[in-house]
1. Would you mind listing the strands (runs of 3 or more DSSP E) fully within segment 194-277 where at least 1 residues are in contact with a Leu (Cβ under 9 Å, 6 or more places away or on another chain) and closer than 30 Å to Ala289 by Cα?
2. With respect to Thr291, is the statement that it is at pLDDT 90 or above, surrounded by fewer than 17 Cβ atoms within 10 Å (Cβ to Cβ) and closer than 30 Å to Gly130 by Cα true?
3. From the list Val281, Val239, which one is modelled with pLDDT of 90 or more and among the β-branched types (Val, Ile, Thr)?
4. Quick test of your reading of the structure: Asn89 fulfils all but one of (1) in contact with a strand residue (DSSP E or B) (Cβ under 6 Å, 6 or more places away or on another chain); (2) at pLDDT 80 or above; (3) open to solvent by 20 Å² or more (accessible area, probe 1.4 Å); (4) polar (S, T, N, Q). Name the failing condition by number.
5. So, in segment 146-177, how many residues would count as being at pLDDT below 95, over 19 Å from Asp261 (Cβ atoms) and part of a loop (DSSP other than H, G, I, E, B)?
6. Under the condition of being closer than 22 Å to Ser265 by Cβ and touching a strand residue (DSSP E or B) at 6+ places or on another chain (Cβ under 6 Å), which residue from segment 108-133 is surrounded by the fewest Cβ atoms within 10 Å (Cβ to Cβ)?
7. Which one of these does Arg212 not meet: (1) free of Cβ contacts under 8 Å to residues at least 12 places away in the same chain; (2) surrounded by fewer than 14 Cβ atoms within 10 Å (Cβ to Cβ)?
Amino acid sequence: MSIASTQFTLSAADLKLMLALLRGGTLAAAGERLGVDASTVFRSLQKLERGLGQRLFERSRSGYQANDLALQLAAHAEQIEAQLEAAQNAARLQPEQLGGTVRISSTDTLLHGLLAPALKPLQARHPRLGFELHTGNELASLSRRDADIALRATRRPPEHLIGRHLGPLRVALFVAADSPLSSLEDALAAECPWVAPDEALPEHPSVLWRKRHWPKITPQYQVGSILSVQELVALGLGVGVLPLFLAQQRTGLRQLGRPIDEAQSELWLLSHPESRHLRRVAEVFSHLASTISLS
């Protein structure tokens, strides 16, 4: 690619384009974010890269991957975006008011068991706040700034994210309340069916624990979330490992034995460093950190 023109100057529109493609990953997704079609995004990117004299994205079958220069420029662009948004909110609201949307990423288990109950008093205090609640098993959405805050069960949170450790996620084996089983040994002796996460959660601590000690057991029911494990166990379809905070809120379950230390995880509240500069994000983060309890 040719040397950059000395007359070329990055504009706000260039930075917005770059962030849209970085977050969307494809021309079509970037176009949706910008309100234009994919061909317009392509032409604008070509013009930007010609002006800079070098590429910003590597093209592949999976989409557009940002290179080192694009990531460096994106960091500055996100600072500008955050400051502009903060200024707009400050201009619209009174000092004591909070408004706008906070995007929170979690799993359905943590959403229903911990996050949603914690949001209720926050909504009452700041009625102009809105929330986009994304559920999934990955952290990519937070890393790519598609979310402002994440509530995650992990033993090793990403180093580039700001985190608050909320405590250990203790788990145990559970069975339906009316089951005749009284221990793990009973379940093994009776060859009771197991309910467990499917291949979407291959590294889940409960899966690793079971495979380490009983590699020959094949769960009869495999589901996409721990919340689903709970519901099937409560219906009497088998035994399953559940977080104590979740199972203790659900009638129809009975714990078999002591908590399983090997399958324990840790609960983290995470945020992107740039997002924390926004007052509404900082307020929600602080509220969740002080409200969510595993006891």
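1. Ranges flagged: 221-223, 240-243, 253-256, 265-271.
2. Yes.
3. Among Val281, Val239, only Val239 is modelled with pLDDT of 90 or more and among the β-branched types (Val, Ile, Thr).
4. That leaves (2) as the condition not met.
5. Residues in segment 146-177 being at pLDDT below 95, over 19 Å from Asp261 (Cβ atoms) and part of a loop (DSSP other than H, G, I, E, B): 8 in total.
6. Among those that are closer than 22 Å to Ser265 by Cβ and touching a strand residue (DSSP E or B) at 6+ places or on another chain (Cβ under 6 Å), it is Leu133.
7. So Arg212 meets the others, but not (1).
Conditions tested, residue by residue: (1) open to solvent by less than 40 Å² (accessible area, probe 1.4 Å); (2) touching a Pro at 6+ places or on another chain (Cβ under 9 Å).
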{"residue": "Ile226", "(1), (2)": "yes, yes"}
{"residue": "Ala234", "(1), (2)": "yes, no"}
{"residue": "Arg258", "(1), (2)": "no, no"}
{"residue": "Arg279", "(1), (2)": "no, no"}
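The values are calculated or read from the model by the stated rules, or taken from the named source; none is laboratory data. All figures in this text were calculated on a predicted structure; none of them were measured in a lab. Don't worry about glycine lacking a Cβ; one is built from the backbone with ideal geometry, like all the others, and counts go over all protein chains shown. Ligands, DNA and RNA are stripped out before the accessible areas are found, and what is left, the full protein with its side chains, is counted by its heavy atoms. Shrake-Rupley method; radii C 1.70, N 1.55, O 1.52, S 1.80 Å.
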